[in-house]
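Report on the structure given below.
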Amino acid sequence: MNVQNISSLPSYLSNFINSNHEQLNDIYMKSKEQVGPGILSFKVSDSDNRVDVKYMPEQELLHSLSEEMLEGLKRQAKDNGDKKIYLIEDIEKSSMFIVYI
């Protein structure tokens, strides 16, 4: 799995994150407060100009990731200054990006 940073994302993804940063942060912080630790998950379709954003608590993540992988993601986020984790799936390109914000 290739870990990306915001500057190496395709422009349509980085533009979306940059122009919606405050709203995404609000979703993340409110959801974390209500349901506990987790990540923001994005399903993106550039041609449809559609982005579905969902907060995924750790328990839900463990249905699709191993505990070791989740711990690795959290460790990487902590090592980078306690960053938020964004998991972005580009449906059309069958690509997945992990971004620490």
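Mind counting the residues in region 8-50 that are over 20 Å from residue 70 (Cβ atoms), open to solvent by less than 80 Å² (accessible area, probe 1.4 Å) and touching an Asp or Glu at 6+ places or on another chain (Cβ under 9 Å)?
Number satisfying all stated conditions: 6.
Could you grab me the full set of residues in region 31-59 that are in a helix (DSSP H, G or I) and under 14 Å from the mean Cα position of the chain (by Cα)?
Restricting attention to region 31-59, the residues satisfying the condition of being in a helix (DSSP H, G or I) are 31-35, 58-59.
Result: 31, 32, 58.
When both residues are 6+ apart or on different chains and their Cβ atoms are under 9 Å apart, which pairs have a first residue that lies in region 80-101 and is under 13 Å from residue 56 (Cβ atoms) and hydroxyl-bearing (Ser, Thr, Tyr), and a second that is in a strand (DSSP E or B) and open to solvent by less than 60 Å² (accessible area, probe 1.4 Å)?
Cβ pairs passing all conditions: 86/39; 86/40; 86/41; 86/42; 86/97; 86/98; 86/99; 86/100.
Hey, can you tell me all the residues within region 86-101 that are open to solvent by less than 30 Å² (accessible area, probe 1.4 Å) and more than 10 Å from the chain's Cα centre (by Cα)?
Answer for region 86-101, where residues must be open to solvent by less than 30 Å² (accessible area, probe 1.4 Å) and more than 10 Å from the chain's Cα centre (by Cα): just 90.
For the subset of region 73-85 comprising residues that are in contact with a strand residue (DSSP E or B) (Cβ under 9 Å, 6 or more places away or on another chain) and not in a helix (DSSP H, G or I), which member is least open to solvent (accessible area, probe 1.4 Å)?
Taking the candidates together, the pick is 85.
Specify the residue that is nearest to residue 17 (Cα to Cα); the eligible residues are those in region 42-78 that are acidic (Asp, Glu) and modelled with pLDDT of 85 or more.
Filtering region 42-78 down to residues acidic (Asp, Glu) leaves 46, 48, 52, 58, 60, 67-68, 71.
Those still in the list that are modelled with pLDDT of 85 or more too: 48, 52, 58, 60, 67-68, 71.
Details: 48: 17, 52: 12, 58: 22, 60: 23, 67: 27, 68: 27, 71: 24 Å.
My answer is 52.
Residue 70 versus (1) of a type outside the set (S, T, N, Q); (2) surrounded by 13 or more Cβ atoms within 10 Å (Cβ to Cβ); (3) not in a helix (DSSP H, G or I): which is the lone unmet condition?
(3)
Pairs needed: first member in region 3-15, modelled with pLDDT of 85 or more; second member anywhere, in a helix (DSSP H, G or I) and open to solvent by 80 Å² or more (accessible area, probe 1.4 Å); C-beta distance under 9 Å; at least 6 residues apart or different chains.
Close Cβ pairs satisfying both conditions: 14/7.
The values are calculated or read from the model by the stated rules, or taken from the named source; none is laboratory data. Note that the coordinates shown come from a computational prediction; the quantities given were computed from them, not determined experimentally. So basically every Cβ, Gly included, is an ideal-geometry build from the backbone, and we count neighbours across all protein chains shown. For accessibility, only protein heavy atoms count, side chains too; no ligands or nucleic acids. Shrake-Rupley method; radii C 1.70, N 1.55, O 1.52, S 1.80 Å.
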